[in-house]
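> A single structure is presented below for examination.
The values are calculated or read from the model by the stated rules, or taken from the named source; none is laboratory data. Everything numeric here is computed off the predicted structure, so don't read it as measured data. Cβ placement follows ideal geometry from the backbone for every residue including glycine, while neighbour counts extend to all protein chains displayed. For the accessible areas, the whole protein counts, side chains as well, though only heavy atoms, and no ligand, DNA or RNA atoms are used. Shrake-Rupley method; radii C 1.70, N 1.55, O 1.52, S 1.80 Å.
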Amino acid sequence: METAEFVEILDREGLLLAAAAEAAGTDAKVPTCPDWQVRDLVRHTGMVHRWAAAFVAEGHTSYHPDGGLPDLDGDALLDWFREGHRYLVDTLASAPPGVECWHFLPAPSPLAFWARRQAHETTVHRLDAESARGGTPSGISAPFAADGIDELLCGFHARGKSRVRSDPPRVLRVRATDADGAVWTVRLSQEPPVTVRGAEGAADCEVAGPAPRLYAALWNRQAFPEVGGDDSVAALWRERSAVTWS
């Protein structure tokens, strides 16, 4: 996917998140994040938007701390969120392709990284906001969902921070049934997971289904659509794969 596509998705997803949060109300519980109310979700995502935009807009070439969470609620909080979301979208849309700044996963360029990362960050938290609102969630395209699965498996969980470890070694296969070539083999051991694209060798467990549902499941927002083989491997993922802010 191209950077411009990610920026377009980020724009759409942020608007959907704000609309769902407004409909739910900031007091509402977030079923997909049981420790949060909607105000916590909106504060967090708005803070991340501003943090990400600063790297691109200000050209920070090393890690730069976030600005903290605002002491806002209700309509003022939603206005603050929308303002930060718009600033992020406009910053990414207008940045030169060769902008240099810090980023934390492999990517073709810093700009490509931040557009992709914030599109997925916002989509996952839009799912959270819509879970608080109730009703039918907005859709996710299969290509975008498959890209997000790839980012999660080959990016986040390739890092030393991943807590998905297993002794003895196990193999998890992830298969999206509605996207060409969207198969990953994840080798689990006492070291960080090692993921390769494709169905390489035998697997102890396979999770499968449409890419949008797998995407939500791998981010622990819903159950896996289908689980074959040793369910304890899928359970290990559910128990240990959470990506936390730190």
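> When you look at GLU191, is it at pLDDT below 95, over 19 Å from the mean Cα position of the chain (by Cα) and over 17 Å from ASP231 (Cβ atoms), yes or no?
no
> Would you confirm whether any residue within region 138-156 is free of Cβ contacts under 8 Å to residues at least 40 places away in the same chain and surrounded by fewer than 22 Cβ atoms within 10 Å (Cβ to Cβ)?
no
> Taking region 195-222, which residues are in contact with an Asp or Glu (Cβ under 8 Å, 6 or more places away or on another chain) and in a loop (DSSP other than H, G, I, E, B)?
ASP204, PRO210, ARG221
> State which residue is nearest to LEU127 (Cα to Cα) when the search covers only region 189-218 and only residues that are of a type in the set (Val, Ile, Thr) and open to solvent by less than 50 Å² (accessible area, probe 1.4 Å).
Per the stated criteria, the residue is VAL207.
> Looking only at region 142-165, which residues are farther than 13 Å from LEU214 by Cβ and in contact with a Pro (Cβ under 9 Å, 6 or more places away or on another chain)?
CYS154, GLY155, HIS157, ALA158, ARG159, GLY160, LYS161, SER162, VAL164, ARG165
> Every residue in region 223-246 that is outside any helix (DSSP H, G or I), open to solvent by less than 80 Å² (accessible area, probe 1.4 Å) and of a type in the set (S, T, N, Q), please.
Residue satisfying the conditions is SER241 alone.
> Suppose we keep only residues that are charged (D, E, K, R) and outside any loop (DSSP other than H, G, I, E, B) within region 150-182. Which one would you say is nearest to ARG116 (Cα to Cα)?
GLU151
> Okay, next question. Among the residues of region 166-188, is any hydroxyl-bearing (Ser, Thr, Tyr), buried (at least 21 other Cβ atoms within 10 Å of the Cβ) and farther than 28 Å from ASP35 by Cβ?
Within region 166-188, one or more residues are hydroxyl-bearing (Ser, Thr, Tyr), buried (at least 21 other Cβ atoms within 10 Å of the Cβ) and farther than 28 Å from ASP35 by Cβ.
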